[in-house]
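Asker: Quick one: this structure, given as structure tokens, is what I'll be asking you about.
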Amino acid sequence: MLSKVLPNGRVRQLGIAWPSKRLMACLALLGGLLFHVGQGQAAPPGGRLRPNIVLILADDLGYGDVGCYNPQGKIPTPHLDRLAAQGMRFTDAHSASAVCSPSRYTLLTGRYAWRTRLQRGVLGGLSPPLIEEDRLTIARLLQQQGYHTACIGKWHLGMGWHVLPGKSVSELNIESREQVWNVDFSQPIRGGPLTAGFDQYFGISASLDMVPYVFIRNERPTQQPTLDRAFPMVLGRDAGQTRQGPAAADFDAAHVLPELAREAVQYVRSRAEAARSGQPFFLYLPLASPHTPILPTPEWQGKSGVNAYADFVMQTDDAVGSLLQTLEDERLADDTIVLFTSDNGCSPMAGWEELLAAGHHPSYIYRGHKADIYEGGHRVPFIVRWPGRVAAGSVSAALVGFADVMATLADLLGVPLPEDACEDGYSFLPVLRGGPGMREVLVMHSANGSFAIRRGPWKLCLCPGSGGWSYPAPGRDDTTGLPPVQLYNLETDPGEQHNVQAEHGEIVARLSQLLQDYVARGRQAPP
């Protein structure tokens, strides 16, 4: 069924049912030459062909917030630094978008989220599912290969809540205050992680500053939300509160990170014997930190000496460390591939003035932050450890995107992907084995739906400003007089300070045409 071409589904899968007006308006002005990117398949490595797989996704963690990525950084991250020392650290890895939901869709499906109905922004905690029921995901792919699959953490891809008769919730946006009680929370949830191929789930439906404030186990809240409440957005700073709405009586936002860490450790322990006996597991751990609300627990408050965000990053690093230690304790580390990354760049809610004053730059040398089309919005830490297979202490400058994770895992297992799956992913397994990368071109997306396309050192942004929240921000700052597109040479100008589109019209045209081709074909990678 997964490879079946459905009567009405093929157009949707090709991604041409919801064209981006901004993209088409920009491309209508530009033309050029075509460029074709090829993809190959590497043979599965020797030895064990079905390693356990742990995929950890931090939330709003900047490229420069991890010590091994930022020599001038002021936030200690010893566990992530050790993970990188034991594996491969990618320096040119990118989330698919500069905000949460679209990045997560691409990570789990190998397909750019702008091919779906979500053209900008993020979903809410009550939004319906974004992942199509017939879409192959990493979880379902691994399930078919005999893996036990679990998701523990922030989902943020929509869930099939039981909406009350005559009521509504936002389909492609964060629900309004008037909508937060429009759901019958006593009814089972459909279309969530279990539908997407996970055998079990524990976590929260969306970002921790969105309703409902309840833990969900499999398809039901663990407690019914009976309170109407909100939480401080940032500990010790007058930064407002999270969105007010349904909350379980025992739910405390500050306890979410410790609870997710505890659940992840318990899951690995519960699967250890089966894993040692030959049944591998896949754990997807999308943490809800260091996203707002920034609420480090008392034992971490003040640890960084910088601010609450830095404390929260340290606590997040420690949570990752507890999971890595559990793999060691259960004698599973050598048979487990661990991938760590972040869904987008650091948010301005982290308190950038405080961080910069302390000498810490969350985006390192790159421009912008979360939501932006600039590098700070989507260039993210990306670490892979696989003892005995991936060289310890190695560093790769290969271009990598979130869509590539699914292609890589399929390549690793020697599983061919159907034509209507992972349309935008390239395997980076050859890179892990010391070879060259396959990806030459990458498409990025900002919070307001602006596009960028990257090939080699050249990055074309199809907007006059940030496409997000930094200056010049769309709808806030005056962009009159700015060129409609931006072209940067990241090799000579990694900080994206010099727009050279006027001097390189042929490159602008070529990249524009290439992006237009990807949109029209419904895929980037060859079938």
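The values are calculated or read from the model by the stated rules, or taken from the named source; none is laboratory data. All of these numbers come straight from a predicted model, not from anything done at the bench. Virtual Cβ from ideal backbone geometry, glycine too; neighbours counted across all protein chains shown.
Asker: If I filter the stretch 436-469 down to residues being among the small types (Gly, Ala, Ser) and buried (at least 23 other Cβ atoms within 10 Å of the Cβ), which single residue comes out as farthest from His504 (Cα to Cα)?
Answerer: So in the stretch 436-469, the residues among the small types (Gly, Ala, Ser) come out as 437, 446-447, 449-450, 452, 456, 465-468.
Okay, now just the ones that are also buried (at least 23 other Cβ atoms within 10 Å of the Cβ), so 446-447, 450, 452, 465-468.
On the way: Ser446: 23, Ala447: 27, Ser450: 21, Ala452: 16, Gly465: 19, Ser466: 20, Gly467: 22, Gly468: 25 Å.
Result: Ala447.
Asker: Can you name every residue in the stretch 142-158 that is more than 18 Å from the chain's Cα centre (by Cα) and under 21 Å from Ala264 (Cα atoms)? Don't jump to the end; show me each part of the working.
Answerer: From the stretch 142-158, those more than 18 Å from the chain's Cα centre (by Cα) are 142-149; that's our starting set.
Hits for the stretch 142-158 are Leu142, Gln143, Gly146, Tyr147, His148, Thr149.
Asker: Given (1) surrounded by fewer than 24 Cβ atoms within 10 Å (Cβ to Cβ); (2) in contact with a Pro (Cβ under 6 Å, 6 or more places away or on another chain); (3) within 26 Å of Val265 (Cβ to Cβ), identify the lone condition not met by Gly414.
Answerer: So the condition that Gly414 fails would be (3).
Asker: Now, a different point. I'd like to verify a number: residues in the stretch 288-331 that are in a loop (DSSP other than H, G, I, E, B) and either under 13 Å from Leu83 (Cβ atoms) or among the β-branched types (Val, Ile, Thr) (or both), how many? Step through it out loud before you land on a result.
Answerer: The first filter runs over the stretch 288-331 and keeps only residues in a loop (DSSP other than H, G, I, E, B), leaving 288-293, 295-297, 301-307, 330-331.
Then drop every residue that is not either under 13 Å from Leu83 (Cβ atoms) or among the β-branched types (Val, Ile, Thr) (or both), which leaves 292, 297, 306.
Final tally of qualifying residues: 3.
Asker: From Gly368, Gly388, which residue is crowded, with 21+ Cβ neighbours inside 10 Å and of a type outside the set (Lys, Arg)? Explain how you work it out, then say what you get.
Answerer: Values: Gly388 fails: crowded, with 21+ Cβ neighbours inside 10 Å.
When all the criteria are applied, what remains is Gly368.
Asker: Filter the stretch 176-185 down to the residues that are in contact (Cβ under 8 Å) with a residue 60 or more places away in the chain and part of a loop (DSSP other than H, G, I, E, B), then identify the one that is surrounded by the fewest Cβ atoms within 10 Å (Cβ to Cβ).
Answerer: So the residue we want is Trp181.
Asker: Something else about it: In the set Gly15, Gly9, which member is crowded, with 22+ Cβ neighbours inside 10 Å, of a type in the set (Gly, Ala, Ser) and modelled with pLDDT under 95?
Answerer: Numbers: Gly9 fails: crowded, with 22+ Cβ neighbours inside 10 Å.
After applying the criteria, what remains is Gly15.
Condition check ((1) crowded, with 24+ Cβ neighbours inside 10 Å; (2) within 30 Å of Arg140 (Cβ to Cβ)) across all residues:
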site	(1), (2)
Thr297	no, no
Asp311	yes, no
Asp318	no, no
Ser322	no, yes
Leu332	no, yes
Asp343	yes, yes
Cys346	yes, no
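Asker: Checking the conditions here, which among Ala150, Ala206 is closer than 29 Å to Glu423 by Cβ, assigned to a strand (DSSP E or B) and among the small types (Gly, Ala, Ser)? Before you say what the answer is, go through the steps one by one.
Answerer: Numbers: Ala206 fails: assigned to a strand (DSSP E or B).
Testing whether each residue is closer than 29 Å to Glu423 by Cβ, assigned to a strand (DSSP E or B) and among the small types (Gly, Ala, Ser) leaves just Ala150.
Asker: Which numbered condition in (1) within 20 Å of Arg379 (Cα to Cα); (2) at pLDDT below 95 is the only one that Gly468 fails?
Answerer: (2)
Asker: Could I ask something else about it? Across the stretch 61-80, which residue is nearest to Asn307 (Cα to Cα) among those that are among the aliphatic types (A, V, I, L, M) and not in a helix (DSSP H, G or I)?
Answerer: Kept after step one, since they are among the aliphatic types (A, V, I, L, M), are these residues of the stretch 61-80: 61, 66, 75, 80.
With the extra rule that they be not in a helix (DSSP H, G or I), the set shrinks to 61, 66, 75.
Numbers: Leu61: 15, Val66: 16, Ile75: 10 Å.
Among those that are among the aliphatic types (A, V, I, L, M) and not in a helix (DSSP H, G or I), it is Ile75.
Asker: Identify all residues within the stretch 442-486 that are farther than 28 Å from Thr116 by Cβ and among the aliphatic types (A, V, I, L, M); write none if there are none.
Answerer: Matches in the stretch 442-486: Leu482 only.
Asker: Please go through the stretch 251-270 and pick out each residue that is crowded, with 17+ Cβ neighbours inside 10 Å and either of a type in the set (Asp, Glu) or free of Cβ contacts under 8 Å to residues at least 40 places away in the same chain (or both).
Answerer: If the condition is that a residue be crowded, with 17+ Cβ neighbours inside 10 Å and either of a type in the set (Asp, Glu) or free of Cβ contacts under 8 Å to residues at least 40 places away in the same chain (or both), then Phe251, Glu259, Glu263 are the ones that fit.
Asker: If you scan the stretch 419-436, which residues turn out to be more than 16 Å from Tyr112 (Cα to Cα) and within 23 Å of the chain's Cα centre (by Cα)? Even if it seems obvious, please write down each step before you answer.
Answerer: Looking only at the stretch 419-436, we keep the residues that are more than 16 Å from Tyr112 (Cα to Cα), and these are 428-436.
Of everything in the stretch 419-436, those that are more than 16 Å from Tyr112 (Cα to Cα) and within 23 Å of the chain's Cα centre (by Cα) turn out to be Phe428, Leu429, Pro430, Val431, Leu432.
Asker: Follow-up question, since we're still on this one. Condition test on Leu164, is it closer than 30 Å to Thr408 by Cβ and at pLDDT 95 or above? Reasoning before the result, please.
Answerer: On the way: closer than 30 Å to Thr408 by Cβ: no; at pLDDT 95 or above: yes.
Judged against the criteria, Leu164 is not a match.
Asker: Of everything in the stretch 53-82, what is under 22 Å from Trp386 (Cβ atoms), out of contact with any strand residue (DSSP E or B) (no Cβ under 9 Å at 6 or more places or on another chain) and surrounded by fewer than 23 Cβ atoms within 10 Å (Cβ to Cβ)? Give them in sequence order.
Answerer: Gly67, Pro78, His79, Asp81, Arg82
Asker: Moving on. Please determine, by comparing only the residues of the stretch 398-411 that are in contact with a strand residue (DSSP E or B) (Cβ under 8 Å, 6 or more places away or on another chain) and among the small types (Gly, Ala, Ser), which one is surrounded by the fewest Cβ atoms within 10 Å (Cβ to Cβ).
Answerer: Just the residues of the stretch 398-411 that are in contact with a strand residue (DSSP E or B) (Cβ under 8 Å, 6 or more places away or on another chain), to begin with: 398-402, 405, 409.
Pick out the ones that are also among the small types (Gly, Ala, Ser) and you get 398, 401.
Details: Ala398: 20, Gly401: 30.
The extreme case among them is Ala398.
Asker: A further question follows. List every residue pair whose Cβ atoms lie under 6 Å apart, where the two residues are 6 or more positions apart in sequence or sit on different chains, the first residue falls within the stretch 467-487 and is of a type outside the set (A, V, I, L, M), and the second residue, located anywhere, is at pLDDT below 95 and surrounded by fewer than 19 Cβ atoms within 10 Å (Cβ to Cβ).
Answerer: Once the first residue is of a type outside the set (A, V, I, L, M) and sits in the stretch 467-487, its partners that are at pLDDT below 95 and surrounded by fewer than 19 Cβ atoms within 10 Å (Cβ to Cβ) give Pro472/Thr479.
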